[in-house]
Amino acid sequence: MATLGFQNIGVGTDGATSMRETVELAKQAEALGFDSFWLAEGYHSRSAVVRATLIAAATSRIKIGLGILSPHTKHPALLAMDAASLNEVARDRVILGVGRVLNALRKHAIDSRGTVQLVKESIAIVKGILGGDHFQYSGSRFRIASPGSRLDLEPCGKLPVYVGATGPEMLRLAGQYADGVLFNYPCTAGFIRYAMPIIEEGLSRGGRTLDDFDIAAYLLISVDNDEKAALNAAKRFVAQKLPTRHSDMLAHAGVTAAEIGAVRDSVERFGLVKAAAAIDDDLVRKVAIGGTPDQVVQGLTQFLGTGLKLPIAWEIIGPDRRHSLDLLARAVLPKLA
């Protein structure tokens, strides 16, 4: 589904969504012509790889993005094995995303030092394993000893590998070594403009240009014919996730430390439901594109010209996600075409 200024449009959910609903949303997204369906790895929630396998078996055209999986919690050779196995079911439809995954580090008490080097080595190992030949590797974080290791299934060396990146070092790394970058939420147009020159520096180091590279982003989108209903649908997710977001993302969104602290304190004092109901609409608008179809068109238009190629409507979608996904396809995207 090509639109003006964007190559495609994607949809995605995290592990909080049930298996059944995830598959139904993916099937609907395919029927509506969306480009890809993305799955985050929650800790500890539903497995992205298991959900992706169900989607692969239930669909035939839509691309399936694993974004983002952590080489801190699973060896990159095993991530390559998972991606290649999935590719056998969904031939040429799989995208593997790797990155730091801060939530994984927190939940598993993993030392985050040296993460950039770890991700760099992970990309090399994943690409080497996916190439199909016996692969040996000796790095500071990983080692695959002689005689090496290989996949006992059909090679899929062209399977794209994206990096989840926010900080400058990881952005450069993505540009130099990966096939694309995936920005986490709450991504804003301002953040992408900040990130693009750093990515292009990495691309230059790798002897490549933006023509060879994808820019994808999870965007919090909530659409409904009733503006208030759309904003309200986003509030629980914002209340739950806002205090855990990367400080750079929040700063570019204009979210203050006082606002973050107030949300965190409200959740701790009153619980998630009451805290969500008390969130101001203006705070939601800082981190999400919410409202009527025309308002969502205006919100997406802000990203035109930033370098973003693949906006991904992430997790919220609207008060009735099946209805809102249809509304996004039929009442929003045609106005961007």
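The values are calculated or read from the model by the stated rules, or taken from the named source; none is laboratory data. These numbers come from a predicted model, not from an experiment. FYI the Cβ positions are ideal-geometry reconstructions off the backbone, even for glycines, and counts take in every protein chain you see.
In region 215-330, counting only helices (runs of 4 or more DSSP H) that sit wholly within it, the ones holding 2 or more residues that are in contact with an Asp or Glu (Cβ under 8 Å, 6 or more places away or on another chain) and among the charged types (D, E, K, R) span 321-327.
So is ALA165 at pLDDT 95 or above, of a type in the set (A, V, I, L, M), touching a Gly at 6+ places or on another chain (Cβ under 7 Å) and at negative phi or not? Spelling it out, ALA165 is indeed at pLDDT 95 or above, of a type in the set (A, V, I, L, M), touching a Gly at 6+ places or on another chain (Cβ under 7 Å) and at negative phi. For VAL101, are the conditions met, namely being within 15 Å of LYS74 (Cα to Cα), touching a residue at least 60 places away in the same chain (Cβ under 8 Å) and either surrounded by fewer than 16 Cβ atoms within 10 Å (Cβ to Cβ) or under 27 Å from the mean Cα position of the chain (by Cα) (or both)? Against the criterion (within 15 Å of LYS74 (Cα to Cα), touching a residue at least 60 places away in the same chain (Cβ under 8 Å) and either surrounded by fewer than 16 Cβ atoms within 10 Å (Cβ to Cβ) or under 27 Å from the mean Cα position of the chain (by Cα) (or both)), VAL101 qualifies. Only one of the numbered conditions (1) touching a residue at least 40 places away in the same chain (Cβ under 8 Å); (2) under 28 Å from MET170 (Cα atoms); (3) surrounded by 16 or more Cβ atoms within 10 Å (Cβ to Cβ) is not met by ARG236, and that is (2).
Could you look through region 132-149, keep only residues that are touching a residue at least 60 places away in the same chain (Cβ under 8 Å) and not aliphatic (A, V, I, L, M), and pick out the one that is farthest from ASP82 (Cα to Cα)? Out of the qualifying residues, it is PHE142.
With respect to (1) over 15 Å from ILE221 (Cα atoms); (2) at pLDDT 95 or above; (3) surrounded by fewer than 18 Cβ atoms within 10 Å (Cβ to Cβ); (4) not aromatic (Phe, Trp, Tyr), the lone exception for GLN302 is condition (1).
Residues in region 17-39 that are in contact (Cβ under 8 Å) with a residue 40 or more places away in the chain and under 20 Å from ILE316 (Cβ atoms): THR17, GLU21, GLU24, LEU25, GLN28, ALA29, LEU32, PHE34, ASP35, SER36, TRP38. Scanning region 150-182 for residues that are under 14 Å from the mean Cα position of the chain (by Cα), surrounded by fewer than 24 Cβ atoms within 10 Å (Cβ to Cβ) and closer than 25 Å to LYS286 by Cα turns up just one, THR166.
Of all residues in region 275-282, none satisfies being closer than 26 Å to ALA329 by Cβ, in contact (Cβ under 8 Å) with a residue 40 or more places away in the chain and touching a strand residue (DSSP E or B) at 6+ places or on another chain (Cβ under 6 Å).
Any residue that is modelled with pLDDT of 95 or more, among the polar types (S, T, N, Q) and touching a helix residue (DSSP H, G or I) at 6+ places or on another chain (Cβ under 7 Å) - is there at least one of those in region 195-206? Checked region 195-206: no residue is modelled with pLDDT of 95 or more, among the polar types (S, T, N, Q) and touching a helix residue (DSSP H, G or I) at 6+ places or on another chain (Cβ under 7 Å). Before we move on, is GLY318 farther than 30 Å from ILE198 by Cβ and touching a Leu at 6+ places or on another chain (Cβ under 9 Å)? Answer is yes for this residue.
Matching residues to (1) touching a His at 6+ places or on another chain (Cβ under 9 Å); (2) of a type outside the set (S, T, N, Q):
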{"site": "LEU78", "(1), (2)": "no, yes"}
{"site": "SER85", "(1), (2)": "no, no"}
{"site": "ARG91", "(1), (2)": "no, yes"}
{"site": "ALA104", "(1), (2)": "yes, yes"}
{"site": "ILE129", "(1), (2)": "no, yes"}
{"site": "PHE142", "(1), (2)": "yes, yes"}
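You will find that of LEU308, LEU328, LEU333, the residue that is modelled with pLDDT under 95, within 28 Å of ASP211 (Cα to Cα) and surrounded by 21 or more Cβ atoms within 10 Å (Cβ to Cβ) is LEU333 and no other.
Close contacts from region 150-175, counting a first residue that is more than 14 Å from ASP212 (Cα to Cα) and a second that is basic (Lys, Arg), with Cβ to Cβ under 6 Å and a gap of 6+ residues or different chains, come to LEU173/LYS120. When region 10-38 is limited to residues that are out of contact with any strand residue (DSSP E or B) (no Cβ under 6 Å at 6 or more places or on another chain) and closer than 24 Å to ILE215 by Cβ, the one that is surrounded by the fewest Cβ atoms within 10 Å (Cβ to Cβ) turns out to be GLY33.
For beta carbons closer than 9 Å, sequence separation of 6+ or different chains, a first residue in region 255-269 that is closer than 12 Å to THR244 by Cβ and a second that is basic (Lys, Arg), the qualifying pairs are ILE260/ARG245; VAL267/LYS274.
For region 194-218, the set of residues classified as surrounded by fewer than 18 Cβ atoms within 10 Å (Cβ to Cβ) and over 16 Å from MET170 (Cα atoms) consists of GLY207, ARG208, THR209, LEU210, ASP211, ASP212, listed by residue number.
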